[in-house]
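The values are calculated or read from the model by the stated rules, or taken from the named source; none is laboratory data. Bear in mind the structure is a predicted one, so any value in this text is a computation, not a measurement. Note that we place each Cβ from the backbone using ideal geometry, even for glycine, and neighbour counts take in every protein chain shown. The accessibility values were calculated without ligands, DNA or RNA, using every heavy atom of the protein model including side chains. Shrake-Rupley method; radii C 1.70, N 1.55, O 1.52, S 1.80 Å.
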Amino acid sequence: MSVKATTVTLNNGFQMPVLGLGTYNLLGNNCVEAVKSAIDAGYRHIDTAFLYKNETEVGHAIREKILDGTIKREDIFVTTKLWNTSHEPSQVLPAFEKSMANLQLEYVDLYLMHSPVGSTTNAADGSEVLNEVDYVATWKAMEHLLTTGRVRSLGVSNFNSEQLTRVIEHGSTKPVVNQVECHVRLNQKKLIKFCKDRDIVITAYSPLYRPGRTLRPSEDPLEPKHPFEDTRVKEIAQRYAKSPAQVLLRYLIDIGTVPIPKSGNPERIRENINVFDFALTPEEVVTLDGLNTGERLVRFESGIAHRYYPFNAEF
């Protein structure tokens, strides 16, 4: 039995399902099978990126599910992203065309700037060297993609409130989405409110914190456990006969984000979307707010020296 996610209306009128499949670290046939399992389970929102090296597999899986009649192209919302090494305005269109060639789809629903930090690929060893390209110039080049008919919406990822403000003030198209790390330990309440006030949706990556994380020998066993093990989460899960993961995904939906949990396990994929038959009470949301520590898992250490490194701002 498949589950249908509710949708949110973006600021340009398009609809986006409020839960999707993240595909970071899903490679090869594992990625193909995960995306097909997700579509069979009812997912209609798939998130990939040039960086993930799996656009080809994501597109292959989607085309297979179109061919077998499970979905039509217009039924599914597909996101991919422009990587940091293509921030020069002249690089944006070729990078987009490369992603489209990988996906082999007529259009993408959402194209994101993966981060505000630009870089250049070192021809000698393939490493990335930071450059000074202004993300506003990159954004203006991305706006031209809307005229191609091959991208429906534009957004950003890993942008702070100050950077979003610059894009809104200097661009002619407002981002529909800001995709950021967001989970019960980093609930991004200030950024969510900032974006909501400007009609921008927060997509939440790493929504389940680190599902497979176990303590390393060097770590203090008295440190806070994984949220799945937290008594408050477990009590709410028991109340609704749901798993801790389902409670944490529902929490993110109830505070106004669109979570994109990643899994290659068909059972987990089905479990993660089965969150539309309950909602948390305001009191339960406040309880889970208490797990927020501000801990960031994804820090982009390689970009810390960049003038546009996004995580020095409060939000």
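Applying the set (1) open to solvent by 10 Å² or more (accessible area, probe 1.4 Å); (2) at pLDDT below 95 to residue 303 leaves exactly one unmet item: (1). In the range 64-92, what residues are farther than 28 Å from residue 160 by Cβ and either open to solvent by 60 Å² or more (accessible area, probe 1.4 Å) or of a type in the set (Gly, Ala, Ser) (or both)? Once the filter is applied, which keeps residues that are farther than 28 Å from residue 160 by Cβ and either open to solvent by 60 Å² or more (accessible area, probe 1.4 Å) or of a type in the set (Gly, Ala, Ser) (or both), the range 64-92 yields 64, 67, 68, 69, 72, 74, 75.
Scanning the range 137-158 for residues that are among the basic types (Lys, Arg) and in contact (Cβ under 8 Å) with a residue 60 or more places away in the chain yields a single hit, 152.
Looking only at residues in the range 37-59 that are assigned to a loop (DSSP other than H, G, I, E, B) and of a type outside the set (A, V, I, L, M), the one that is most open to solvent (accessible area, probe 1.4 Å) is 53.
The residues of the range 224-246 that are hydrophobic (A, V, I, L, M, F, W, C) and either open to solvent by 70 Å² or more (accessible area, probe 1.4 Å) or without any contact (Cβ under 8 Å) to a residue 40 or more places away in the chain (or both), listed by number, are 228, 237, 241, 245.
So, of the residues in the range 278-312 that are among the charged types (D, E, K, R), over 22 Å from the mean Cα position of the chain (by Cα) and in a helix (DSSP H, G or I), which turns out to be nearest to residue 182 (Cα to Cα)? Give the derivation first.
Of the range 278-312, the ones among the charged types (D, E, K, R) are 283-284, 289, 295-296, 299, 301, 307.
Next, from what is left, pick out any that are over 22 Å from the mean Cα position of the chain (by Cα): 283-284, 307.
Add one more test, that the residue is in a helix (DSSP H, G or I), and what stays is 283-284.
Details: 283: 20, 284: 18 Å.
Only one residue fits best here, namely 284.
Tell me, please, whether a residue that is over 22 Å from residue 12 (Cβ atoms), open to solvent by less than 10 Å² (accessible area, probe 1.4 Å) and either in a strand (DSSP E or B) or among the β-branched types (Val, Ile, Thr) (or both) can be found in the range 108-116. No, the range 108-116 contains no residue that is over 22 Å from residue 12 (Cβ atoms), open to solvent by less than 10 Å² (accessible area, probe 1.4 Å) and either in a strand (DSSP E or B) or among the β-branched types (Val, Ile, Thr) (or both). Tallying residues that are farther than 17 Å from residue 308 by Cα and in a strand (DSSP E or B) within the range 119-154 yields 5.
Being within 20 Å of residue 158 (Cβ to Cβ) and open to solvent by 10 Å² or more (accessible area, probe 1.4 Å) is the requirement here; does residue 95 meet it? First the steps, then the outcome.
Values: within 20 Å of residue 158 (Cβ to Cβ): yes; open to solvent by 10 Å² or more (accessible area, probe 1.4 Å): yes.
Answer is yes for this residue.
Of note, residue 72 does not satisfy the criterion of being on the phi < 0 side of the Ramachandran plot, in contact with a helix residue (DSSP H, G or I) (Cβ under 7 Å, 6 or more places away or on another chain), among the basic types (Lys, Arg) and in contact (Cβ under 8 Å) with a residue 60 or more places away in the chain. Only one of the numbered conditions (1) part of a helix (DSSP H, G or I); (2) in contact (Cβ under 8 Å) with a residue 24 or more places away in the chain; (3) farther than 24 Å from residue 263 by Cβ is violated by residue 62, and that is (3). Number of residues in the range 158-182 that are more than 13 Å from residue 200 (Cα to Cα) and outside any loop (DSSP other than H, G, I, E, B) equals 6.
Listed by first and then second residue, the pairs with beta-carbon distance under 6 Å, at least 6 apart or on different chains, first residue in the range 19-36 and buried (at least 19 other Cβ atoms within 10 Å of the Cβ), second among the acidic types (Asp, Glu) and modelled with pLDDT of 95 or more, are 20/47; 22/47; 31/57; 32/57. Just need a number here: residues in the range 34-78 that are touching a Pro at 6+ places or on another chain (Cβ under 7 Å) and among the polar types (S, T, N, Q). So the answer is 1. Here the range 181-206 is the region considered, the condition is being open to solvent by less than 20 Å² (accessible area, probe 1.4 Å) and free of Cβ contacts under 8 Å to residues at least 60 places away in the same chain, and the residue that is nearest to residue 25 (Cα to Cα) is 204.
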